[in-house]
Amino acid sequence: MDKHEIVGMFAVQGAVLGIKEYGSGHINRTELVEMEQGGQRRQYILQQINTDIFQNVDELMENIVGVTDFLRRKITARGKDPDREALCVIPAKDGASYCRADGKCYRMYRFIQDAVSFDAVKKPSDFYESALAFGTFQSLLADYPADTLHETIADFHNTPKRFAAFEKAVQADVCGRAQAAEKEIAFLKEREGEVSVLVDLLDAGKLPLRVTHNDTKLNNVMLDAKTGKGICVIDLDTVMPGLSVYDFGDSIRFGANTAAEDEADLSKVSLDLELYEQYVKGYLKGCQGSLTELEKKMLPTGAKLMTLECGMRFLTDYLSGDTYFRIHREHHNLDRCRTQLALVADMERKWEQMADIVAKAES
Ligand code: ADP
Ligand code: GN1
Ligand code: MG
């Protein structure tokens, strides 16, 4: 089936004017669909879901429909525009939330107009706005029935389990790549004692389990193209019960790095403390005072451990033959791992300042 026929399976009218690749995600494949409807041009997002990773698409889409319906109702009740501030799933013509074609799974969303997402921070206020949006997202979902959410990827941010998987990949060394990553392997092993800190606090009941996004990269939030205000959190595949400090941490890992996630020149990698501060302020404001004292105190640890975890995931994938994250060049996952570990090292150098910024921030 070609893409035009796939679009035709969804409950949209009119003629397809064009379909082009879109976005820079590592997991799904995203396309922008342009249609003509009664003389007007309309845009949609078409996504091929990565079913190697998301093996139960019914459960995945049940989560997304549940969360987006919930958000849309709340946003409407607050007198705001749900089409702008929440994703809208376009159903298939048979009423299902996604389509199957040639063994692949596709979903469609209404396109959020006059909005942008960034792969890198252009100005600090954009980062502040993204933090406000992610914090608000979490507050909006504070009373979502968490027990109805399916775990779309088991143990997604269980850092000690990620560490065990990394060690297993080093042992197996199926591609003979471990030697090329000796320094990175040693760096991670030196920090083994730290990887359980947050999950241990969760298990001890000291950190609360919340409904979290779990993939809070800057390019997963849409900002208003004119005002720069954060409007809508997207990419909801991993909305599951989790830790707020990890949501915070993933945003810092990606957005407060002075270099790109896959920068090959490590001298460009560092933690931008000004951006970090902006994010702390925006996130705490968005969370509306709901974070506990311990959550607040653990924000720097969330940033460091999420960066460490992501580094070990990239390295595990490199050692395993690049089967998880889409790569665009040789050794791409090794480069990605190296930036993460360089960022961890810089966070260690700036640890006191990171803690100080949080301590001084108003919640
Ligand atoms: P991935 O899982 O591959 O990261 P995303 O759902 O994040 O996929 O989509 C990729 C990009 O497509 C986003 O960064 C964003 O720029 C754009 N995008 C996704 N959904 C929408 C939407 N509903 N409206 C406008 N742009 C969107
Ligand atoms: C993946 O899909 P995308 O590109 O937003 C990954 C995240 C990683 C991120 C690293 C489902 O996110 O966990 O942090 O790459 N998503 C999944 O850039 O594994
Ligand atoms: Mg994304």
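The values are calculated or read from the model by the stated rules, or taken from the named source; none is laboratory data. The structure presented is a predicted model; accordingly, all values stated were derived computationally and were not measured. Ideal geometry is used to build each Cβ from the backbone, glycine not excepted, and the neighbour counts take in all protein chains shown. Keep in mind that these areas ignore ligands, DNA and RNA; they rest on the heavy atoms of the full protein, side chains included. Shrake-Rupley method; radii C 1.70, N 1.55, O 1.52, S 1.80 Å.
Things to note:
- Normalised by 2.2 N^0.38 Å, where N counts its residues, the alpha-carbon radius of gyration of the chain equals 0.99.
- Residue-averaged 222 nm ellipticity for the chain, from DSSP H runs of 4+ at -39500 (n - 2.57), nearest 500: -13500 deg cm²/dmol
- Placing +1 on each Lys and Arg Cβ and -1 on each Asp and Glu Cβ, with no other charges, gives the chain a dipole about its Cα centre of roughly 740 debye.
- Nitroxide proxy distance, nm - points 7 Å out along Cα→Cβ at A77 and A345: 5.0 nm
- For the chain, a Gaussian network of Cα nodes joined below 10 Å ranks V211, V33, V280 by mean-square fluctuation, and the top entry is V33.
- Cβ-Cβ FRET estimate between K189 and K161, R0 fixed at 25 Å, reported to 0.05: 0.95
- Relative to the dominant Cα principal axis of the chain, helix 299-320 is inclined by about 80°.
- One chain, two ends: S267 and A361. Fully extended at 0.36 nm per residue, the span grows by 30.9 nm beyond their Cα-Cα distance.
- Surface composition of the chain: carbon and sulfur atoms hold 47% of the protein heavy-atom accessible area at a 1.4 Å probe.
- Between helix 332-349 and the chain: long-axis angle, C-alpha atoms, 0 to 90°, nearest 10: 50 degrees
- Toward the positive end of the charge dipole of the chain, with +1 on the Cβ of Lys and Arg and -1 on the Cβ of Asp and Glu, the farthest Cα among C310, G228, V344 is that of G228.
- The stretch 192-234: relative contact order in percent, alpha carbon pairs under 8 Å with at least 6 residues between: 21 percent
- Cross-link reach is defined here as a Cα-Cα straight distance under 16 Å, omitting same-chain residues fewer than 8 places apart; for K206 the lysines meeting it are K296, K297.
- Average Cα contact separation per residue, the stretch 1-49, under 8 Å, 6 or more apart, as relative contact order %: 30 percent
- Farthest toward positive dipole pole in the stretch 1-109 [+1 Lys/Arg, -1 Asp/Glu at C-beta], among Y98, T51, I64: I64
- Seen against the Cα atoms of the chain and their longest principal axis, helix 351-360 is set at about 60 degrees.
- Accessible area per residue in Å² at 1.4 Å probe, computed on the stretch 47-183: 50 Å²
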